[in-house]
1. Would you pick out the residues in segment A:81-104 that are over 19 Å from residue A:23 (Cα atoms) and at pLDDT 95 or above?
2. Looking for something touching a strand residue (DSSP E or B) at 6+ places or on another chain (Cβ under 9 Å), within 11 Å of chain B (Cβ to nearest Cβ) and not in a loop (DSSP other than H, G, I, E, B) - is there at least one such residue anywhere in segment A:75-82?
3. Of the residues B:110, B:66, only one is over 19 Å from residue A:95 (Cβ atoms) and touching a residue at least 40 places away in the same chain (Cβ under 8 Å); which?
4. Of the residues B:100, B:59, B:84, which single one is within 14 Å of another protein chain (Cβ to nearest Cβ) and closer than 30 Å to residue A:110 by Cβ?
5. For segment A:12-45, name all the residues that are surrounded by fewer than 21 Cβ atoms within 10 Å (Cβ to Cβ) and closer than 15 Å to residue B:93 by Cα.
6. Kindly provide the set of residues from segment B:1-41 that are closer than 20 Å to residue A:106 by Cβ, at pLDDT below 95 and surrounded by fewer than 14 Cβ atoms within 10 Å (Cβ to Cβ), ordered by number.
7. Of all the residues that make up segment B:1-38, how many are in a strand (DSSP E or B) and either within 14 Å of chain A (Cβ to nearest Cβ) or at positive phi (or both)?
8. Only one of these conditions is not met by residue B:41: (1) at negative phi; (2) within 14 Å of chain A (Cβ to nearest Cβ); (3) without any contact (Cβ under 8 Å) to a residue 40 or more places away in the chain. Which number is it?
């Protein structure tokens with residue numbers, strides 16, 4: 001299984017809503033990532049989890065809250081988002097942080113629209 | 001932090017010709033350089049990667065070269081085909097302070113003209 005699975009594929013939410021994005025991988029990878037991608041732009045790193053601990057938070061606003069319940073799951077909790085947060089949210093995983101196996105596999109993404 | 005520059009932003013080539021995309025990076029500690037292909041509405045997919053202890057790597061029609069001294073790396077696609085049309089991103093992995101995220105270039109929209 002070389003898949004990173006993200007749910008939902010599409011999400012529309014109001015600015016007062018609370019929602020969560022989910023990501024799952026069963027490749028035994030110990031590093032998991034959240035990226036944000038705006039239209040016609042490259043992915044931008046948001047968070048890195050290494051061995052289920054948050055190791056990087058790229059100055060992301062607190063309205064985005066990541067969670068790693070176990071080594072296979074990664075969530076992104078959303079609250080009080082702004083319309084400019086509308087984007088494709090990509091989850092990725094790689095074998096380990098800083099090791100030789102650094103190939104990152106991306107999920108298909110969640111297309112988020114904030115209204 | 002790492003900064004990756006990518007050129008050109010758009011590249012149009014005739015089917016069957018070669019395409020070359022170039023990237024430079026700023027952090028000499030970076031040691032892993034992948035290339036991703038992203039079709040419209042789809043996820044980025046790794047097409048080839050190179051590590052800092054290697055100067056060149058080839059996989060069928062795709063090759064990547066790395067010049068550590070100059071801090072630049074390039075993607076070469078030969079015998080281009082219509083299905084090669086996509087946005088291509090280069091990236092670099094920075095390893096300072098235990099970090100492992102990828103920094104991406106701004107992307108190259110490759111158009112293969114039939």
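The values are calculated or read from the model by the stated rules, or taken from the named source; none is laboratory data. What you see is a predicted model; the values in this text were computed from it and never measured. Neighbour counts are summed over all protein chains in view; Cβ atoms, including those assigned to glycine, are modelled from backbone coordinates with ideal geometry.
1. Start the filter on segment A:81-104 by keeping residues that are over 19 Å from residue A:23 (Cα atoms), which leaves A:81-84, A:98-101.
Across segment A:81-104, the qualifying residues are A:81, A:82, A:83, A:84.
2. Taking segment A:75-82 as the starting set, the residues that turn out to be touching a strand residue (DSSP E or B) at 6+ places or on another chain (Cβ under 9 Å) are A:75-82.
This time we only want the ones that are within 11 Å of chain B (Cβ to nearest Cβ), so: none.
The answer is no; no qualifying residue exists.
3. Details: B:66 fails: touching a residue at least 40 places away in the same chain (Cβ under 8 Å).
On inspection, the qualifying residue turns out to be B:110.
4. On the way: B:59 fails: closer than 30 Å to residue A:110 by Cβ; B:84 fails: within 14 Å of another protein chain (Cβ to nearest Cβ).
Answer to the check: B:100.
5. Within segment A:12-45, just A:44 meets the criteria.
6. Listed by number, the residues that qualify are B:40, B:41.
7. Keep residues of segment B:1-38 that are in a strand (DSSP E or B), which gives B:4-7, B:10-14, B:19-25, B:32-38.
Restricting the remaining residues to those that are either within 14 Å of chain A (Cβ to nearest Cβ) or at positive phi (or both) gives B:4-7, B:10, B:21, B:23, B:25, B:32-38.
Here the count works out to 15.
8. Among (1) at negative phi; (2) within 14 Å of chain A (Cβ to nearest Cβ); (3) without any contact (Cβ under 8 Å) to a residue 40 or more places away in the chain, residue B:41 violates only (1).
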